[in-house]
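Following: one structure in structure tokens, then a few remarks.
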Amino acid sequence: NLAKFAAAAASATSLREYRETVLSLLQRLVPFDAALVHALSPRVPLETAVLRGLDPRSLARTQKRWDELGDVLSPLRLLANRQLVATAAEALPRRSPAWRRLDALVLRPLGQRAVCIVHLIVQGRVVGAVVLLSRLATAFDAAQVACLRRVAPLIAVGDALHQRLSQVATSS
């Protein structure tokens with residue numbers, strides 16, 4: 001598996017092509033219904049994102065609330081910063097106000113029930129993220145999360161390389 005991610009990083013001719021290939025490779029490892037690869041900042045144009053199974057207009061409507069969701073998603077972000085991969089189910093108690101807000105503002109509008117975030121970290125800095133979504137509330141089990149943690153550093157290096165080669169803005 002790692003060799004396929006390395007080959008994608010070495011052979012892709014653009015950031016978009018690399019991110020598309022990463023999502024295809026991830027789909028073989030971890031089932032998901034929708035995905036996005038992006039900086040996850042409302043100040044980075046959504047056009048730089050690669051989407052799978054998501055309507056760009058629906059996602060654009062949620063982007064206005066990304067800063068607002070920062071506090072709600074803080075436990076998820078912090079866990080992803082420490083462990084590279086985090087699921088909402090591990091970071092937010094299911095019946096908590098934060099979970100209900102995530103569900104109301106992001107999951108339900110996108111027709112999803114579970115989320116997993118892979119932080120792409122290079123030199124201690126988050127250079128992007130892969131967000132995987134599922135219509136199944138029980139998606140993203142421990143074995144799948146462990147698998148994502150193994151490939152996350154390689155995906156991060158490839159993404160950072162292609163961002164630099166493409167001179168793409170990645171943060172505010």
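Of all residues in region 1-19, those that are over 11 Å from ILE155 (Cα atoms) have Cβ atoms under 7 Å from Cβ atoms of residues that are hydroxyl-bearing (Ser, Thr, Tyr) and assigned to a helix (DSSP H, G or I), 6 or more apart or on another chain, in ALA12/TYR18; ALA12/THR21; SER14/SER166; LEU15/SER166.
Between a residue in region 93-118 that is of a type in the set (Val, Ile, Thr) and any residue that is part of a helix (DSSP H, G or I) and open to solvent by 30 Å² or more (accessible area, probe 1.4 Å), which pairs come within a Cβ distance under 8 Å, given they are 6 or more apart or on different chains? Final answer for the pair search is ILE117/ARG77.
Residues that are in contact (Cβ under 8 Å) with a residue 40 or more places away in the chain, over 14 Å from ALA39 (Cα atoms), in a strand (DSSP E or B) and out of contact with any Asp or Glu (no Cβ under 6 Å at 6 or more places or on another chain) are absent from region 140-153 altogether.
When region 10-22 is filtered for residues that are aliphatic (A, V, I, L, M), at pLDDT 95 or above and crowded, with 19+ Cβ neighbours inside 10 Å, the ones remaining, listed by number, are ALA12, VAL22.
The values are calculated or read from the model by the stated rules, or taken from the named source; none is laboratory data. The structure displayed is predicted, hence computed values, not measured ones. Here the Cβ is made from the backbone with ideal geometry for all residues, glycine too, and neighbour counts use every protein chain on show. These accessible areas exclude ligands, DNA and RNA; they are computed on the full protein's heavy atoms, side chains included. Shrake-Rupley method; radii C 1.70, N 1.55, O 1.52, S 1.80 Å.
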